[in-house]
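What follows is calculated from the coordinates using simple rules that are stated; it is not laboratory data. What you see is a predicted model; the values in this text were computed from it and never measured. Note: ideal-geometry Cβ built from the backbone for every residue, glycine included; neighbour counts use all protein chains shown.
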Amino acid sequence: MSRPDIAAETVAAIRAVVGVAQSDVALHAPSFEGREWDYVKDCIDTGWVSTAGSYVPEFERRIAAVCGVEHAIAVVNGTAALHLGLMMVGVRPGDEVLIPALTFAATANAVAHAGAVPHLVDSETGTLGLDADKLDAHLSTICEPGETGPVNRLTGRRIAAVVPMHVFGHLVDMDRLSEVAARHRLPIVEDAAEALGSRYKDRPAGSLGAIAALSFNGNKIVTTGGGGALTTNDADLARRARHVATTAKRAHRWEFDHDEVGYNYRMPNLNAALGCAQIEQLDGFVTAKRRLADRYVDAFAGVRGAHIFREPNFSHSNHWLNTMVLDADQADQRDAVLEATNAVGLSTRPVWKLMHRLPMYGDCPRMDLSVAEDLERRLINLPSSASLGGG
Ligand SMILES: *Cc1c(COP(=O)(O)O)cnc(C)c1O
């Protein structure tokens, strides 16, 4: 049997979805079809452009509502949110933090910013996220109980937290992970940067751990230009996070009184104004993206040697990015597919290089990563702007 020309078939399938008339099709472009201009202009007209102003608390209320939690703290970006979130659950310099090897570099960077060491965990093919059972077996092999949590016998360091990341908006199997994390006494910090509007069973992403981090970077489903947020049901964590994010300044009418090392992480009002307008459209974005995902499934039904990744049955995904998966025996076609699609203006991207392939994380402790290594060769992201799923 001759080998399929996956590159040519992929170009045709993407064209069938996005329309042949489109020339330059972005991987993910934001949509500004709501009240963005009104709200941002209001900031400038009233002079409230910085960290004081009414859009910040309003944006926080809306984020908390979407995530089904009591508290949201808006910050300057998702990396800062993760950094703060890790500190809030007690990650200290010299600890290890469990993260997937298959993630965007920001997850590992936030761990490093907290002075801790990423400990890399394998993924599973059904969710693209952390494999809770494999993690459980790994921890049982390498850890001994310590006074403040499990200790990695191989490095002597405490393991202080686990960070599930919901890849492209698909939920990690959180019931399984929560059970494993509780048994090993590990707090969960959700990296929900890609999953705003997704649900695990009937529970929203952002409500599934001790604390969660969101991103509103320009390429995410909702953007504030740059921005992020922490979400939590824990009033004490929320209060401390807000304090540390605001230079740890104690409220006073004129004194500059700071009681610990603080961060300047608060989101400016201008960005929150954009975010308020964007979040009003979130339901529409998710609907459009789910429609787009269905169209990709149909269009790729005839592509030999590849298929479209489908959401796990417990995940109602926002389909932030749509992903094609090459068959195992077609992985060597990946770069040909990337070449052919980008050459005709259809933006496609491989998944991230695994964290241990990056020079700064090459020596990090890790388990067997064979599934993540297999996925790394086979995943390609497709144009996924909400505007492509309209009508
Ligand atoms: C976007 C993203 C972040 C945070 O990104 P910022 O650009 O700092 O807002 C963190 N983790 C993942 C998985 C992401 O995709």
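Tell me the volume per residue, in Å³, of the convex hull enclosing the alpha carbons of the stretch 12-76. Please list the in-between numbers first.
Numbers: hull volume 10.2 nm³, N = 65.
Taking the convex hull of the Cα positions in the stretch 12-76, it is 157 Å³ per residue.
Hey, fewest Cβ within 10 Å first, where do W320, W37 land in order?
Ordered from fewest to most neighbouring Cβ atoms within 10 Å, W320, W37 come out as W37, W320.
Got a sec? How would V371, V17, V162, V172 order by Cβ neighbour count within 10 Å, fewest to most?
Details: V371 17, V17 23, V162 27, V172 32.
Fewest-to-most ranking of V371, V17, V162, V172: V371, V17, V162, V172.
Which is the longest stretch in the chain that no exposed loop site breaks, taking sites as GluC sites (Glu not before Pro) with a DSSP loop state and at most 16 other Cβ atoms within 10 Å?
Between exposed loop sites, the widest span is 281-391.
Translational diffusion coefficient, Stokes-Einstein: compute it for the stretch 60-149 using the Kirkwood radius over C-alpha pairs as Rh, at 37 °C and 0.692 mPa s, and state it as an integer in µm² s⁻¹.
Working: Rh = 14.8 Å.
Roughly 221 µm²/s, to the nearest whole number.
If the stretch 63-102 were replaced by its equivalent ellipsoid, with semi-axes equal to the square roots of 5 times the Cα gyration tensor eigenvalues, what would those be, largest first, whole Å? Write out the running numbers ahead of the final one.
On the way: eigenvalues 102, 31, 23 Å².
For the stretch 63-102, the semi-axes come out at 23, 12, 11 Å.
Compute, for the chain, the length of the dipole vector about the Cα centre, with Cβ point charges of +1 (Lys, Arg) and -1 (Asp, Glu) only. Units Debye, rounded to 20.
Numbers: 38 positive and 48 negative charges, 73 e Å.
The dipole of the chain has a size of about 360 debye.
State the antiparallel share, in %, of DSSP beta bridges confined to the chain, rounding to the nearest 5. Walk me through the numbers on the way to the answer.
Values: 31 of 46 bridges.
If we restrict to bridges inside the chain, about 65 percent are antiparallel.
Tell me, rounded to the nearest percent, the portion of alpha carbon pairs in the stretch 108-227 spaced more than 20 Å apart. Intermediate results must be reported in sequence, preceding the final value.
Numbers: 3129 of 7140 pairs.
Roughly 44 percent, once rounded to a whole number.
Counting pairwise Cα distances across the stretch 304-353, what percent come out greater than 16 angstrom?
When every Cα pair of the stretch 304-353 is considered, 50 percent fall beyond 16 Å.
Can you give me the Rg/Rh ratio for the stretch 161-320, using Cα atoms for both radii and the Kirkwood formula for Rh?
Numbers: Rg = 18.7 Å, Rh = 17.7 Å.
Looking at the stretch 161-320, the ratio lands at 1.06.
Rank the residues F59, F32 as a footprinting-exposure proxy: fewest other Cβ atoms within 10 Å of their Cβ go first. Kindly include the intermediate steps, with their values, before the conclusion.
Working: F59 28, F32 14.
The fewest-first ordering by Cβ neighbours comes to F32, F59.
Beyond 35 Å, what share of the Cα-Cα pairs of the chain is found? Please give it as a whole percent.
Working: 20745 of 76245 pairs.
Of the Cα pairs, 27 percent sit more than 35 Å apart.
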